[in-house]
1. Within the stretch 152-167, track down each residue that is touching a residue at least 12 places away in the same chain (Cβ under 8 Å) and more than 13 Å from ligand 2 (Cβ to nearest atom).
2. Of the numbered conditions (1) of a type outside the set (Lys, Arg); (2) within 19 Å of the chain's Cα centre (by Cα); (3) part of a strand (DSSP E or B); (4) closer than 25 Å to residue 59 by Cβ, residue 146 satisfies every one except a single condition; which is it?
3. Among the residues that make up the stretch 68-88, is at least one of them within 16 Å of ligand 1 (Cβ to nearest atom) and touching an Asp or Glu at 6+ places or on another chain (Cβ under 6 Å)?
4. I need the full set of residues from the stretch 1-29 which are among the small types (Gly, Ala, Ser), within 16 Å of ligand 2 (Cβ to nearest atom) and surrounded by 23 or more Cβ atoms within 10 Å (Cβ to Cβ), in order please.
5. Being within 16 Å of ligand 1 (Cβ to nearest atom) and either farther than 24 Å from residue 152 by Cα or of a type in the set (S, T, N, Q) (or both) is the filter here, so list the residues in the stretch 198-229 that pass it.
6. Please give the number of the condition residue 43 fails out of (1) in contact (Cβ under 8 Å) with a residue 40 or more places away in the chain; (2) away from ligand 1 (no atom under 16 Å from the Cβ); (3) closer than 25 Å to residue 165 by Cβ; (4) not hydrophobic (A, V, I, L, M, F, W, C).
7. Report yes if residue 34 is under 14 Å from the mean Cα position of the chain (by Cα), of a type in the set (D, E, K, R) and away from ligand 1 (no atom under 14 Å from the Cβ), otherwise no.
8. Residue 132 - would you say it is assigned to a loop (DSSP other than H, G, I, E, B) and surrounded by 18 or more Cβ atoms within 10 Å (Cβ to Cβ)?
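Read the figures in this text as sums done on the coordinates, not as results from a lab. As the structure is a computational prediction, the values presented were derived from the model and not from experiment. Glycine gets a Cβ as well: all are built from the backbone with ideal geometry, and neighbour counts include every protein chain shown.
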Amino acid sequence: MRFWGVRGSIPAPGPATKRYGGNTPCVEVRCGDELLIFDLGSGARGLGDALVATRKPVKASIFISHYHYDHLQGLPFFSPMFSPANDVTLYGSPRDGKSLKQILAGQMVHPYFPVTAEEVFRTRLAYRDVVVGEDIPVGKATVRTLELNHPGGNVGYRVDFGGRSLVYATDVEHGTALDAKLFDFARGADALIYDSMYTEDEYRGRTGWGHSTWEAAVRAADASEVKQLVLFHHDPGRDDAAMDKLLREVRKQRKDSIAAKEAMVIQL
Ligand SMILES: [Zn+2]
Ligand SMILES: [Zn+2]
């Protein structure tokens, strides 16, 4: 897997975040010939351009966790959408009585955006409403789904392929009965990508905002007995030096933990 965006809430570009990166969530996962993408935050622009630069037709399965801007703002700029040679399947949960297609179309309308999806997307495009809890086969990989605790709802995804597994659990607030479900869902995974936006101190003023802490990330990784914890959805205000410091704290408790960085590749 390769990280194209690791930041939470809003892009945070600039010299102070150069090493970890300022783009919002987008993760590329390769399972044999299959390309899976998790979220289309601002990092999706770079991924899309890299895919188009290969000059090969793109076939992608894109899993959207939820529809907050930071997970979707890259969609209108994901360049494989503009060529009829490509095949894109979008997966996401219906919310508030609206299908995935209706929700995504609602992002690209006046007065928020100059052109509609219908006007500009030329790829062979399929929308798949996810029934949370279902397993979705993608080639030889299986993508499992779980509802996470986040305002407005959010889907956690687990990919199993060739005896390896990873869990994408961003935008999750700890401290409810759903925690135990997530621990079971993530049980034994090779990597757990987890929302570690806050420290416990920061979290105290932000309960109910839908995010977790690095301390809860460590507890989740321990409880689910995953091999590697990957900190994710970094606070936009946490610069590279502060990220290094946070990671040092985490490593006192789980030695081989990592903090997701843009362009970082992890082979499971
Ligand atoms: Zn987010
Ligand atoms: Zn969110």
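1. We begin by selecting, within the stretch 152-167, every residue touching a residue at least 12 places away in the same chain (Cβ under 8 Å); these are 152-162, 164-167.
Selection gives 157, 158, 159, 160, 161, 162, 164, 165, 166, 167.
2. So residue 146 meets the others, but not (4).
3. Filtering the stretch 68-88 for residues within 16 Å of ligand 1 (Cβ to nearest atom) gives 68-75.
Right, trim to touching an Asp or Glu at 6+ places or on another chain (Cβ under 6 Å) and you get 71.
Yes, the stretch 68-88 has at least one match.
4. Here is the first cut: in the stretch 1-29, the residues among the small types (Gly, Ala, Ser) are 5, 8-9, 12, 14, 16, 21-22.
Filter once more, so that each one left must be within 16 Å of ligand 2 (Cβ to nearest atom): 5, 8-9, 12.
Listed by number, the residues that qualify are 5, 8.
5. Once the filter is applied, which keeps residues that are within 16 Å of ligand 1 (Cβ to nearest atom) and either farther than 24 Å from residue 152 by Cα or of a type in the set (S, T, N, Q) (or both), the stretch 198-229 yields 212, 213.
6. The failed condition is (2).
7. On the way: under 14 Å from the mean Cα position of the chain (by Cα): no; of a type in the set (D, E, K, R): yes; away from ligand 1 (no atom under 14 Å from the Cβ): yes.
It is false that residue 34 is under 14 Å from the mean Cα position of the chain (by Cα), of a type in the set (D, E, K, R) and away from ligand 1 (no atom under 14 Å from the Cβ).
8. Working: assigned to a loop (DSSP other than H, G, I, E, B): yes; surrounded by 18 or more Cβ atoms within 10 Å (Cβ to Cβ): no.
Judged against the criteria, residue 132 is not a match.
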